[in-house]
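Participant: Just dropping this structure here.
No lab work stands behind these numbers, since they all come straight from the coordinates. None of these values were measured; they are calculated from a predicted model. Cβ sites come from the backbone with ideal geometry, for glycine too, and all protein chains shown count toward neighbours.
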């Protein structure tokens, strides 16, 4: 009986998390357009519903009814599977992120995380890397020069920054002594890790921009060089899926930053889940803000920054952190 | 062990969502294929040469570097979790490991593998 209840609990948590995540990812497109517009002193979308609030729904319905073009020299199975891989990996990242403490419902104590596993962080990185397969396959299988170039650039850039991203968070692991994201959050009850690891947080954020292929590192879709990048040949809902996955990925990376550095659900007065969402959207706002502010870097500058600047800095941060923890 | 059930279910459910979305748009969208429409899109220009041409070896070098360094990063994770218990011994051991890693890193740098031209 206990197993059955557990199964039902996990199923309900899954459905709720996926639904909320997809809702936020859809509305993030509107938020991004609105914020960008306001920064550039424009109105942004304001025709569909009051303040353009129905715009994501209109966009979604439109994409569903659009013609689906599969180019003739595309590798058809891979071409269809690629966007599915990207979205599956992006949504699955949410499984280990704790979005609240505990909830007591019907006499059961429910942990507000889908899977409270000890290798949470490793799983998260594995899923983030899986998404890259979708990007590379998508670009290569469409049979387009720009697509191939865009996907290769995306892959090279993502893997280059993944090394530094992995190194930047080791400081947090040393302080918390666990890879379980719930325990990492609970270790921050007294003080957030951003206080002890401000340097690691900045490095993490820089790597996150590259990992998400967002400005100022949006090389894979540099419009002036590559037309559109790896998703150039995609149309209708398959194109929308790539887009959608990008925003889901963005939410997941922001949620990870919240969990590792900003104390997750901890905060005074308000309920935990609300605090968590506030912090996530604060980081998402920074992502959008940076896009509106900084110009795009050149590709060789990106690779140079990743390997020659960020990598040594993260190693230095790691050694200093380990030194102070052991000496103390 | 049963905690991993959540991961299995979210992977199944999200693949289902992906298949549903692609499947629905497959049936809803109209289809009028034309010869020109199915050509690779290059902003209106006629495609010259094969689409899948040889690509720069640079990407391959960076993939290899990534493999080496990422494995070393992953090797540090279990150490990082128990640094507090290992005290000075663990720090010295890992310091030696990082020095060896950095020797390799500077060798790669000197060889010019990190340049992008």
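Participant: Taking N as the number of residues in the range B:56-117, what is its alpha-carbon radius of gyration divided by 2.2 N^0.38 Å?
Facilitator: Ratio of Cα Rg to 2.2 N^0.38 Å: 1.39.
Participant: Also, I was wondering about something else. Return one number: the angle in degrees, 0 to 90 and rounded to the nearest 10, between the long axis of the Cα atoms of helix B:5-28 and the longest principal axis of the Cα atoms of chain B.
Facilitator: It works out to around 20 degrees.
Participant: Over all residues in B:40-52, what is the mean tally of Cβ atoms on other chains that come within 10 Å of each residue's Cβ?
Facilitator: Values: counts 12, 11, 5, 4, 0, 0, 0, 4, 1, 1, 3, 12, 9.
Shielding by partners across B:40-52 averages 5.
Participant: Now a separate question. Hey, what's the per residue convex hull volume over the C-alpha atoms of the range A:118-186, in cubic angstrom?
Facilitator: That works out to 67 Å³ per residue.
Participant: What fraction of the Cα pairs in the range B:4-51, stated in percent, has a spacing above 14 angstrom?
Facilitator: The share of Cα pairs beyond 14 Å in the range B:4-51 comes to 70 percent.
Participant: Arrange the following residues from fewest to most other Cβ atoms within 10 Å of their Cβ: A:202, B:21.
Facilitator: A:202, B:21
Participant: Still on this structure, please answer the following. With everything on Cα atoms, drop me the angle between helix B:57-81 and the longest principal axis of chain B, reported from 0 to 90° to the nearest 10.
Facilitator: Rounded to the nearest ten degrees, it is 50.
Participant: Would you mind classifying the range A:17-98 by shape? Square roots of the alpha carbon gyration tensor eigenvalues, ordered a ≥ b ≥ c; an a/c under 1.5 is rounded, otherwise it is prolate if a/b is larger than b/c and oblate if not.
Facilitator: Oblate is the answer for the range A:17-98, as a/c is 1.5 or above yet b/c matches or exceeds a/b.
Participant: Where a ≥ b ≥ c are the square roots of the eigenvalues of the C-alpha gyration tensor, would you call the range A:81-197 rounded, which needs a/c under 1.5, or, failing that, prolate if a/b is larger than b/c, or oblate?
Facilitator: oblate
Participant: Shifting gears a bit: For chain B, taking Cα atoms only, what is the radius of gyration to one decimal and the Dmax to the nearest whole Å?
Facilitator: 24.9, 70
Participant: Sticking with this structure for a sec: Given R₀ = 25 Å, FRET efficiency for residue B:48-residue A:76 by Cβ-Cβ distance, to 0.05?
Facilitator: Using R0 = 25 Å, I get an efficiency of 0.55.
Participant: Further, regarding this structure: Shape verdict for the range A:233-328, please, from the Cα gyration tensor: rounded (a/c under 1.5), prolate (a/b greater than b/c) or oblate.
Facilitator: oblate
Participant: Could I ask something else about it? Just rank B:59, B:41, fewest to most, by other beta-carbon atoms within 10 angstrom.
Facilitator: Ranking B:59, B:41 by Cβ neighbours within 10 Å, fewest first, gives B:59, B:41.
Participant: Stick to Cα atoms and the Kirkwood definition of Rh, then tell me Rg/Rh for chain A.
Facilitator: 0.97
Participant: Can you work out the FRET efficiency for the pair residue A:62 and residue B:111, with r the C-beta to C-beta distance and R0 = 51 Å, to the nearest 0.05?
Facilitator: Between residue A:62 and residue B:111 the formula returns 0.50.
Participant: Could you work out, residue by residue across A:6-19, how many beta carbons of other chains sit within 10 Å of that residue's beta carbon, and then give the average as an integer?
Facilitator: 3
Participant: Determine, from the Cβ-Cβ distance of residue B:39 and residue B:63 and an R0 of 35 Å, the FRET efficiency 1/(1 + (r/R0)^6), rounded to the nearest 0.05.
Facilitator: 0.70
Participant: Arrange the following residues from fewest to most other Cβ atoms within 10 Å of their Cβ: B:79, A:289, A:140.
Facilitator: If I rank by nearby Cβ atoms, fewest first, I get A:289, B:79, A:140.
Participant: Extending each Cα 7 Å along its Cβ direction at residue A:105 and residue B:71, get the distance between those two points in nm, one decimal.
Facilitator: 4.5
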